[in-house]
Amino acid sequence: MNRTILPIAQVKSSVPSFSHGQSCVFLGSCFSDELGQLVRNHGFETLVNPGGTIFHPLALAKLIRWCFDENEVLRTFQVEDLFFSWDLSGTVFGMSEKELNDKITKLRIDLRTALRKASHLFVTFGSAWAYRFLSDG
């Protein structure tokens, strides 16, 4: 059997670490939900998927860009009595357009604040399809 033995010092220096007192942001797939909750349960300050579980890398990039750019907007739509955003998980919704916009505004502030404070950002991707509107690309 072939094997490679690495001294602990080499392994330890190549693995990022963080300690209590630092904060982390987890964005992305359901793995971010699970890992973020585990880290939170061990006493770390975390923000976990504030826009819900989002699998697609482009959607995650848009979310991060949006939280820092006040000119960037998230498009909304209505299905029966509920309001949603095309750019967030279906778990983020409002009973009115104002309620959804209030949630989106709070989400932007919370995510921006957490990202500025965080020592680590964990982003996990999953299997995802992307769609685009024919009307505006």
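Restricting attention to region 108-124, the residues that are open to solvent by 40 Å² or more (accessible area, probe 1.4 Å), in contact (Cβ under 8 Å) with a residue 24 or more places away in the chain and polar (S, T, N, Q) total 1. Restricting attention to region 37-94, which residues are β-branched (Val, Ile, Thr), part of a loop (DSSP other than H, G, I, E, B) and either in contact with a strand residue (DSSP E or B) (Cβ under 6 Å, 6 or more places away or on another chain) or open to solvent by less than 30 Å² (accessible area, probe 1.4 Å) (or both)? Matches in region 37-94: 54, 92.
Restricting region 15-36 to residues that are aliphatic (A, V, I, L, M) and surrounded by 15 or more Cβ atoms within 10 Å (Cβ to Cβ), the residue that is nearest to residue 127 (Cα to Cα) is 27. Residues in region 95-107 that are open to solvent by less than 60 Å² (accessible area, probe 1.4 Å) and part of a loop (DSSP other than H, G, I, E, B): 96 only.
The residues of region 74-103 that are among the β-branched types (Val, Ile, Thr) and touching an Asp or Glu at 6+ places or on another chain (Cβ under 9 Å) amount to a single one, 76.
The values are calculated or read from the model by the stated rules, or taken from the named source; none is laboratory data. Model, not experiment: these values are computed from the prediction. No Cβ is skipped: glycine too gets one built from the backbone with ideal geometry, and neighbour counts run over all protein chains shown. For the accessible areas, the whole protein counts, side chains as well, though only heavy atoms, and no ligand, DNA or RNA atoms are used. Shrake-Rupley method; radii C 1.70, N 1.55, O 1.52, S 1.80 Å.
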